[in-house]
1. With in contact (Cβ under 8 Å) with a residue 40 or more places away in the chain and more than 16 Å from ligand 2 (Cβ to nearest atom) as the only criterion, which of Asp123, Asp117, Asp109 stands out?
2. Show me the strands (runs of 3 or more DSSP E) entirely contained within the range 72-157 in which 2 or more residues are within 15 Å of ligand 1 (Cβ to nearest atom) and among the acidic types (Asp, Glu).
3. Kindly state which strands (runs of 3 or more DSSP E) lie completely within the range 173-257 and contain at least 2 residues that are open to solvent by 10 Å² or more (accessible area, probe 1.4 Å).
4. All but one of (1) within 27 Å of Val167 (Cβ to Cβ); (2) open to solvent by 50 Å² or more (accessible area, probe 1.4 Å); (3) part of a loop (DSSP other than H, G, I, E, B); (4) more than 16 Å from ligand 3 (Cβ to nearest atom) hold for Leu61; state the number of the condition that does not hold.
5. Working carefully through the options Ala83, Ala134, Ala111, Ala142, find the one that is farther than 25 Å from Lys161 by Cα and open to solvent by less than 20 Å² (accessible area, probe 1.4 Å).
6. Taking only the range 162-172 into account, find how many residues are in a strand (DSSP E or B) and within 11 Å of ligand 1 (Cβ to nearest atom).
7. Return the residues of the range 36-58 that are within 21 Å of Asp104 (Cα to Cα) and either open to solvent by less than 20 Å² (accessible area, probe 1.4 Å) or of a type in the set (Lys, Arg) (or both); say none if nothing qualifies.
Amino acid sequence: MSKGQNVHTPEEIVRIRRAAAVTAQIRDLLAESVRPGMTTMDVDMRAAELIRASGGKSAFLNYRGYPGNVCISVNDEVVHGIASCDRVIGEHDIVSLDVGVEFDGALGDTAVTVCMDPHPSADIRRLLEGTRSALMRGIEAARCGRRVGDISRAVELAARKSRLGIVREYVGHGCGIHLHEPPEVPNFTGWGGGPVLAPGMVICIEPMLNLGTERIVVDRHDGWTVRTRDGSWSAHFEHMVLITDSEPEILTWQKTM
Ligand code: MF3
Ligand code: CO
Ligand code: CO
């Protein structure tokens, strides 16, 4: 790491690449295993099993006191949902799975939102496809010589096109050796351009988009679960991306996402 610009050494990048691949595989195995009728605690326990089998450990468990192995956010929950034995996943629910794994001193962090309903409504399709494509537009803008704000603008533009509310309180971030490293990567513009992207930087791009307004509330009881204020449903997709001297490299890419 150098100067808060967060350029990783080639040796670090070897380990970060491996941790990201492990995390992405767990994300996809977990996503495949989620079914209506499971509780979110069942999902968390499955995640714990997959993480243990990988030889890594959860990067979220006990992070600032977070009590789960992964974040599981259902429907109007935006991010940081905590597993519960009482929360049964329904046939029409959408479930965001955010997975963080520490492996050999490096970190992976990636999220996907899956839909239990094989025939979702037009609005739910707009939400899921809109959020996923906002992430992909952001990744395409992640090129050396451009600024963090160029990623933000690309994500914002895509979100607007899909008529989705952009959550402002939570942002993407540098990642790799620590879970959250500089720089911040907002999903909106209007704050200046931020640092210039350089080869060796690793960033998490993670749009959190709502069918309704951008406004959110944090659960008063658990202090973690973020929900939309208007009760509208929300989606979250996250990839970890390495800035190179040419194309951005998606470190958490797998066949399924
Ligand atoms: N995975 C989140 C992110 O993408 C951070 C979760 S922190 C936790 O940045 F404590 F809630 F797990
Ligand atoms: Co995450
Ligand atoms: Co993240």
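1. None of the other options fit; the residue is Asp123.
2. Passing ranges, in order: 94-103.
3. 181-185, 216-218
4. Status for Leu61: all satisfied but (4).
5. On inspection, the qualifying residue turns out to be Ala83.
6. 1
7. Of the range 36-58, the ones within 21 Å of Asp104 (Cα to Cα) are 47-58.
Within the range 36-58, Ala47, Ile51, Arg52, Gly56, Lys57, Ser58 qualify.
The values are calculated or read from the model by the stated rules, or taken from the named source; none is laboratory data. Small disclaimer: the values here were computed from a predicted structure and weren't measured. When we count neighbours, we look across all protein chains shown, and the Cβ atoms used for this are built from the backbone with ideal geometry, even at glycine. We work out accessible area using only protein heavy atoms, side chains counted, and drop any ligands, DNA or RNA first. Shrake-Rupley method; radii C 1.70, N 1.55, O 1.52, S 1.80 Å.
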